[in-house]
Each structure stands twice: as C-alpha cells, then as structure tokens.
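The values are calculated or read from the model by the stated rules, or taken from the named source; none is laboratory data. What you are looking at is a predicted structure, and each value in this text was computed from that prediction instead of being measured. When we count neighbours, we look across all protein chains shown, and the Cβ atoms used for this are built from the backbone with ideal geometry, even at glycine. Accessible surface is based on the protein model in full, side chains and every heavy atom, while ligands, DNA and RNA are left aside. Shrake-Rupley method; radii C 1.70, N 1.55, O 1.52, S 1.80 Å.
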Amino acid sequence: PEMDRLAHEMKDAGVKPGIWFRPLLTSETVPDEWLRYSANNGYVLDPSVPDVLNDIAESVARMVSWGFELIKHDFSTFDMLGQWGFQMKSKTNALPQPFHDRSRTTAEIIL
C-alpha cells in the first residue's frame, strides 16, 4: 500500500525498483476532451491532448519520487490504435474515433 516503501524494499533487496504502467487507460473522472474512447475496463485517454500528456508526466514523476527507477509503459500502441502491431498490415489505426488534434499525424502523436 505504500509505494515508496515498496520501492525502497526492492532496492534493499538488491534490485532496481520497477513498476508496470498503462498510461492511457483510466477509470478516473477526467474532462471529456481528454477521452479518445470507452473501453471495457475504463476510458482511453487521447495522447494528442496536451493536458493528457501533462497528467501522464505527473504520474511518472510521482512514481520516480517513490523511488522507481524502471517504468514500463504498456498497451500504449494498442490503446492509441485499437489493435496489436501484428494485426495492422496496411491499416495502422483501427479506431473510428480520430485523435483530438487533427493537425498532426499518428506518427507525430505517438512520438
């Protein structure tokens, strides 16, 4: 329950503290303009919205302040594009919902 204590216990055990993180999925109440689409287990955030990126950066900063040295973000491509890489073939984006920022390409948003 105390993430900073967990990270320090991991370090005391001789390993680099690491944590798994799915940055684009939330069950929290957030502004509607942050949402890209609803998922079975919450809402997927739109990474083309600057406030979403700021929120993710705050989450990462919090994990670092707890003492985590390795942060694995996962499902990011799936959450952004609605499919796994091996499923994409010539159609990278399987979602009907566009990104909020229509002035940038998918590659620019991912970057």
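Taken over segment 61-111, the criterion of being in contact with a Lys or Arg (Cβ under 9 Å, 6 or more places away or on another chain), of a type in the set (S, T, N, Q) and touching a residue at least 40 places away in the same chain (Cβ under 8 Å) is satisfied by S76, Q97. A Cβ distance below 8 Å, combined with a sequence gap of six or more or placement on separate chains, defines the contacts here; from segment 48-60, residues that are in contact (Cβ under 8 Å) with a residue 60 or more places away in the chain reach residues that are open to solvent by 50 Å² or more (accessible area, probe 1.4 Å) in the pairs S48/H100; S48/R104.
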